[in-house]
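The values are calculated or read from the model by the stated rules, or taken from the named source; none is laboratory data. Quick caveat, the model's predicted, so the values are computed rather than measured. Heads up, the Cβs are rebuilt from the backbone with ideal geometry, glycines too, and the neighbour counts pull from every protein chain shown. Side chains included, ligands, DNA and RNA excluded: accessible areas come from the protein's heavy atoms. Shrake-Rupley method; radii C 1.70, N 1.55, O 1.52, S 1.80 Å.
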Amino acid sequence: MTAKDNPSLWGFGTTKTFKIPVEHLDFKYIEKCSDVKHLEKILCVLRSGEEGYYPELTEFCEKRLKGLAPESRALRKDKPAATASSFTAEEWEKIDGDIKSWVSEIKKEENKIHCHETETFPAMDNNLPPVRGTNSRLHVTKEKYSNSRRPKKKIPRDYAEWDKFDVEKECSKIDEDYKEKAVVKNKSHLSKIETRIDTAGLTEKEKTSLATREKEKGNEAFNSGDYEEAIMYYTRSISVLPTVAAYNNRAQAELKLQNWNSAFWDCEKVLELEPGNLKALLRRATTYKHQNKLQEAIEDLNKVLNVEPDNELAKKTLLEVERDLKTDPASKTQTKGKRMVIQEVENSEDEDGKDRRRAQEDGSGDKSKTSFLFWLCKNLPFYMMSWLKFSVSTKILSPPDFF
């Protein structure tokens, strides 16, 4: 194919690279052109194929360029990687011998280093200086250095040993080590976090945004299993703006850590802010269950099921509580015992009241009798006073004998 066969070459315009006129991509122009750099650009455009593939024109341009500048860079071609067939037998033997000699030299160097290490400790043992103030020398033994090395792990050597290898046990050891390191790191991190945030000078919108951000941090920590850190961030959110969601989430984190009392008070706070909150009732029922307050737990769970009859967690917890209530009759009669105590106290108070009334009635009878005697004293003649005084004193000391 020649340039004449393709009508696109005869149109107007230039190439994308080097901006060469399309009319220059022609046999006649290349034959007449003596500019080496321009011919190199034309050859580059023809090889790229951006104006089409013309093998005869490309070959012609290469011959023309080779005639003008045989050492041109454009004429260089990439050579393929050499293989064994690319060399003669003599060249290949020479290459093989060089490689073998290099390998033997490396092995000799390794043996020298190994021998130097083994001879180091005996030399130190003989040349150590004496201990200060004495003539004795420090005795260095090979056992000391051998003990300092780390013990090698017992790795199975064959298939029979691999069958005895407990993979789950090894994985649990790795997980425990990781958890211990994570707990230590997390505790040191938590000690630097302040539980309260100063909100002086903040607007309500800024407080809401800050509280939400701290709550989201707590959610991230909760989802990753860092419940202590989650409680810390929920506490910070509550210090900025107490919300039902923050108290509810902190109660859930407390339940994960089995802090039943703290979780209970968070649920109480939620129910103060929003009475009838189902999550708070369900979580408070969980705290009641673990505190052995089974009747209270049943009441909260029934409240949840009245609103959401299909709540699976509430159903499951209610079954567990009822089962515990059947197996533990002491908790069932706990409230009745309290009522019996109250009744006994009330009876004792009634008996005391009856005794007091009797005493008051007796005292009022004595008072009426004494007032009658004083009235007689005022109305009787004077010569009868001495006898009446004597009779009055005897009456006061022994009332039944007088009447």
For this session: Report the residue count in region 270-283 for those that are part of a helix (DSSP H, G or I) and in contact (Cβ under 8 Å) with a residue 24 or more places away in the chain.
Result: 7
For this session: Go through region 269-283 and count every residue that is surrounded by fewer than 20 Cβ atoms within 10 Å (Cβ to Cβ) and in contact with a Phe, Trp or Tyr (Cβ under 9 Å, 6 or more places away or on another chain).
Result: 2
Exercise. Mind checking which residues of region 58-95 are at pLDDT 85 or above and of a type in the set (Ser, Thr, Tyr)?
Worked result: Thr58, Ser72, Thr88
For this session: Quickly run through region 25-42 and pick out the residues that are open to solvent by 40 Å² or more (accessible area, probe 1.4 Å) and either part of a loop (DSSP other than H, G, I, E, B) or more than 15 Å from Gly67 (Cβ to Cβ) (or both).
Result: Lys28, Tyr29, Ser34, Asp35, Lys37, Lys41
For this session: Test Arg47 against the criterion of being open to solvent by 60 Å² or more (accessible area, probe 1.4 Å), free of Cβ contacts under 8 Å to residues at least 24 places away in the same chain and part of a helix (DSSP H, G or I), and give yes or no.
Result: yes
For this session: Would you kindly identify the helices (runs of 4 or more DSSP H) lying entirely within region 146-260 that contain at least 1 residues that are at pLDDT 85 or above and closer than 30 Å to Glu274 by Cα?
Result: 204-223, 227-240, 244-256
Problem set entry | Pair list, Cβ < 9 Å and 6+ apart or interchain, from region 209-229 residues that are in contact (Cβ under 8 Å) with a residue 40 or more places away in the chain and open to solvent by 40 Å² or more (accessible area, probe 1.4 Å) to residues that are of a type outside the set (Ser, Thr, Tyr) and not in a helix (DSSP H, G or I) | Glu228/Leu257
